[in-house]
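Presented below is the structure to which this report refers.
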Ligand code: HEM
């Protein structure tokens, strides 16, 4: 149950940024392991064939959306830190989320073709 004092866009944006950052950190070792399979041609071919599975594609899409959300949210945080104060923080959160959703949509279209 979320505390009422935390139930505002700034808190949800913070939570999304932290969770997406942690998910990206967890993905990195798996990514390095996948790169390592390229040392053996047959193992790499097997790995690439596995990535064609729809569940893997869905995971890939989720990862791209998390990266996009972390990128746009991170850009928003850097604006907050380095630009003069603006009262339009909720608008910037909405723009960051919208851009991340756009990235996700474009990537999903690419997966479908
Ligand atoms: C794509 C470009 C990226 C941008 C613009 C970006 C931006 C940022 C910013 C500004 C912060 C500080 C947040 C704060 O002040 O509280 C941050 C935190 C963090 N980032 Fe990124 N980041 C990017 C990519 C990544 C990647 C690829 C990873 C993981 C491999 C990552 C993992 C994290 C983690 C774990 C945190 C700490 C989150 C927290 O303490 O709440 N970031 N990022």
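Within the range 58-113, being in contact (Cβ under 8 Å) with a residue 40 or more places away in the chain and over 17 Å from the mean Cα position of the chain (by Cα) holds for 89, 90.
Return yes when residue 47 is more than 21 Å from residue 97 (Cα to Cα) and within 16 Å of the ligand (Cβ to nearest atom) and no when it is not. Talk me through it step by step, then tell me what you get.
Values: more than 21 Å from residue 97 (Cα to Cα): yes; within 16 Å of the ligand (Cβ to nearest atom): no.
No; evaluated as a whole, the condition is false for this residue.
Taken over the range 29-80, residues that are surrounded by 15 or more Cβ atoms within 10 Å (Cβ to Cβ) and part of a loop (DSSP other than H, G, I, E, B) amount to 0. Among the residues making up the range 88-107, those that are surrounded by 14 or more Cβ atoms within 10 Å (Cβ to Cβ), over 17 Å from residue 61 (Cβ atoms) and in contact with a helix residue (DSSP H, G or I) (Cβ under 6 Å, 6 or more places away or on another chain) are 92, 93, 96.
Going by what's in this entry, would residue 32 be described as more than 13 Å from the ligand (Cβ to nearest atom) and without any contact (Cβ under 8 Å) to a residue 40 or more places away in the chain? Outline the logic, then answer.
Working: more than 13 Å from the ligand (Cβ to nearest atom): no; without any contact (Cβ under 8 Å) to a residue 40 or more places away in the chain: yes.
When the stated conditions are applied, residue 32 does not pass them.
Here's the yes/no breakdown for (1) in contact with a strand residue (DSSP E or B) (Cβ under 9 Å, 6 or more places away or on another chain); (2) within 13 Å of the ligand (Cβ to nearest atom); (3) over 21 Å from residue 96 (Cα atoms); (4) in contact (Cβ under 8 Å) with a residue 12 or more places away in the chain:
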site: 11; (1), (2), (3), (4): no, yes, no, no
site: 15; (1), (2), (3), (4): no, yes, no, no
site: 26; (1), (2), (3), (4): no, yes, yes, no
site: 37; (1), (2), (3), (4): no, no, yes, no
site: 41; (1), (2), (3), (4): no, no, yes, no
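The single condition among (1) exposed (fewer than 12 other Cβ atoms within 10 Å of the Cβ); (2) assigned to a helix (DSSP H, G or I) that residue 85 does not satisfy is (2).
Here residue 82 fulfils each of the conditions (1) farther than 26 Å from residue 2 by Cβ; (2) more than 16 Å from the ligand (Cβ to nearest atom) apart from (2). If you go through the range 1-15 and keep only what is in a helix (DSSP H, G or I) and farther than 21 Å from residue 87 by Cβ, you end up with 4, 15.
Here, each number is a calculation from the coordinates, and none is a lab measurement. Treat the numbers as computed from the prediction; the structure is a model and nothing was measured. Every residue, glycine among them, receives a Cβ derived from its backbone with ideal geometry; neighbour counts consider all protein chains shown.
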